[in-house]
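Written out below as structure tokens is the structure these notes cover.
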Amino acid sequence: PMYVGIDWATGSGEDDTVVTLMNEFGEVTNIKEFKIKSSTAQAKAIAEFLNKYSNLKKIVVETNSIGQVFYDIVYQKLNVANKAALTGFNTTNESKRRIIEQLASAFQNEEIKIPNNDKLFKQLSCFVIKKLKKGYTYENFSSSIHDDYVISLALCYEAYKNGETVANIGFGFQ
């Protein structure tokens, strides 16, 4: 079985839509970015990419903001088996904190293996805790650095951990 996390992009600047796939052993087997400007064309391309896999157990995608539009388009284009795997995820400060802390714990406990990917390493190494009026959240320390690879990986790990259902964190990358 394969698990998938998708972080959507607006299509502006260096923001990318990123799709991360992980196998049953917690190993990331594929990270693919999509830079298509048209939301319809991008969602169609992602569905076509996912439909190449017949063993998708769970696909977790953001559904807030532009995410619901992409979710709906992808859902329409997925084959029947993959439609059953598609799950929405509403990103809030609390849910983002939870999946990032879950991902950090997976690295600490060596429950996840990632490929050598410069963009992923850079984004992981720049992730920090940001204090809010009520609590905190996680984000990259610079507005010029996006979190699309990190969030896609965190959503993918969320799919993996829950796959049975239809200051600096210190990741240490340099």
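The values are calculated or read from the model by the stated rules, or taken from the named source; none is laboratory data. Since the model is a prediction, treat every value here as computed from it, not as a measurement. Heads up, the Cβs are rebuilt from the backbone with ideal geometry, glycines too, and the neighbour counts pull from every protein chain shown. In case anyone asks, the SASA skips ligands and DNA or RNA and just uses the protein heavy atoms, side chains included. Shrake-Rupley method; radii C 1.70, N 1.55, O 1.52, S 1.80 Å.
Working from label points 7 Å from Cα in the Cα-to-Cβ sense, the Asn64 to Phe25 distance is 3.6 nm. Computed over the range 44-103, the Cα gyration tensor eigenvalues convert (square root of 5λ each) into semi-axes of 23, 14, 8 Å, ordered from largest to smallest. The alpha-carbon atoms of the range 1-70 define a convex hull whose volume equals 81 cubic angstrom per residue.
For Ile112, the amide hydrogen comes within under 5 Å of no other amide hydrogen, counting only partners 5 or more places away or on other chains and with H modelled in the peptide plane.
Taking 21 Å as the limit for the C-alpha separation, the pairs Lys37/Lys113; Lys35/Lys161; Lys57/Lys83; Lys35/Lys77; Lys83/Lys113; Lys57/Lys122 exceed it in the case of Lys37/Lys113; Lys35/Lys161; Lys83/Lys113; Lys57/Lys122.
Which whole-number value in Å² is the accessible area per residue of the range 43-123, probe 1.4 Å? Please report the intermediate quantities before stating the final value.
Numbers: 4200 Å² over 81 residues.
Solvent-accessible surface per residue comes out at 52 Å².
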